[in-house]
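One structure is given here, and the rest of the page talks about it.
The values are calculated or read from the model by the stated rules, or taken from the named source; none is laboratory data. For clarity, every value in this text was computed on a predicted model and none was experimentally measured. All Cβ positions, glycine included, derive from the backbone under ideal geometry; neighbour counts span all protein chains shown. With ligands, DNA and RNA removed, areas are computed over all heavy atoms of the protein, side chains included. Shrake-Rupley method; radii C 1.70, N 1.55, O 1.52, S 1.80 Å.
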Amino acid sequence: MTDRPAPARGFGAGLAFAIAAYGLWGFLPLYFLLLSPIGPWEIVALRILLALAFCAILLTVTRTWRPFLALARQRRVIGIMSIAGVLIYINWQTYILAILTGHVVEGALGYFINPVVTVLLGVFVLRERLRPAQWVAIGISAVAILVIAIGYGSFPWIALTLAFSFGFYGYIKKRVGPQVDAVSGLTLETAVLTPVAIVILVVVAMTSGLVTGTTGIPQLLVALVAGAVTATPLLLFAAAARRIPLVYLGLTQYLAPVIQFLIGVVVLHEDMPLERWI
């Protein structure tokens, strides 16, 4: 990969897509709170199936089924998208479990670590370059992560799982960007995960029982938009990854945890220990 900057128009659009994606992800915790009392496994299964349905609608509206089917016949593309699907599933499931089991702080830590992982992948794997000011920003971020991790008091398994799963997901999206468009890529990822989602729903139905739709029409309507809520920022992210270097994508990622931080303090009234203020 060359070090030449992306064209101004492509770079500007890519940056706008990245900001939009991370802005939406920043507000995502509010949406998951509205899904209560649906459990974390059921939520992720719904996200997979409804995101696939949403992508199918997009392929129909944009009349792009033919190029999608051409991609779906390529074993290499299926293999790469399967890896991306596994990574995004790990990320989704870990994040939802963190939110609904009282590990919000560690989940937030994961999304502060994630940009550093993304930037380092861009520098050391894709050979992208950082300016001195960007290295300073990454250094400050690394110090902040260390302070938060020490304050958390135990090894941050959840945080590291979130950071590395999405970091490598972004790397894959960057590498396949020129070949696989955003909608086709997400359709393949969710199609690969569909059997997993079905198995999860069957297991949940046979054990604790499915909750979606059992508490009234408002909850059902909120659950049904999970496909659009899931797919839209991922499509924006994929579009951004095709247009801007991974290091810029990584630095933009801080928008999401900052918004989540504000939601935690202002809306959810979470505790703010000294290390988080630092």
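Structure values in brief
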| read-out | value |
| --- | --- |
| Those residues of region 209-229 which are farther than 21 Å from E189 by Cα and in contact (Cβ under 8 Å) with a residue 24 or more places away in the chain, in sequence order | L210, V211, T212, T215, Q219, V222 |
| Any chance R66 is open to solvent by 70 Å² or more (accessible area, probe 1.4 Å), of a type outside the set (S, T, Y) and not in a helix (DSSP H, G or I) | no |
| Unique match (being in contact with a Gly (Cβ under 7 Å, 6 or more places away or on another chain), over 20 Å from Y171 (Cα atoms) and of a type in the set (F, W, Y)) among F32, F27, F68, F54 | F54 |
| Leading residue by the ranking (surrounded by the most Cβ atoms within 10 Å (Cβ to Cβ)) among those in region 21-53 that are in a helix (DSSP H, G or I) and β-branched (V, I, T) | I48 |
| Single residue of A228, A240 found to be surrounded by 22 or more Cβ atoms within 10 Å (Cβ to Cβ), under 22 Å from L24 (Cβ atoms) and touching a helix residue (DSSP H, G or I) at 6+ places or on another chain (Cβ under 9 Å) | A240 |
| Leading residue by the ranking (least open to solvent (accessible area, probe 1.4 Å)) among those in region 121-178 that are hydrophobic (A, V, I, L, M, F, W, C) and either touching a Cys at 6+ places or on another chain (Cβ under 6 Å) or part of a loop (DSSP other than H, G, I, E, B) (or both) | L126 |
| Test: I88 is part of a helix (DSSP H, G or I) and either open to solvent by 30 Å² or more (accessible area, probe 1.4 Å) or in contact with a Gly (Cβ under 7 Å, 6 or more places away or on another chain) (or both) | no |
| Any hit, region 148-168, residues being of a type outside the set (G, A, S), under 20 Å from the mean Cα position of the chain (by Cα) and closer than 28 Å to W65 by Cα | yes |
| Region 93-112, residues that are touching a residue at least 60 places away in the same chain (Cβ under 8 Å) and open to solvent by less than 10 Å² (accessible area, probe 1.4 Å) | I96, A98 |
| Qualifying residues in region 179-215 (those that are of a type outside the set (A, V, I, L, M, F, W, C) and open to solvent by 60 Å² or more (accessible area, probe 1.4 Å)) - the one modelled with the highest pLDDT | P195 |
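Residue-wise test of (1) small (G, A, S); (2) in contact with a Leu (Cβ under 8 Å, 6 or more places away or on another chain); (3) modelled with pLDDT of 90 or more; (4) at positive phi.
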position: L28; (1), (2), (3), (4): no, no, no, no
position: E42; (1), (2), (3), (4): no, yes, yes, no
position: A51; (1), (2), (3), (4): yes, yes, yes, no
position: R63; (1), (2), (3), (4): no, no, yes, yes
position: Y89; (1), (2), (3), (4): no, yes, yes, no
position: T94; (1), (2), (3), (4): no, yes, yes, no
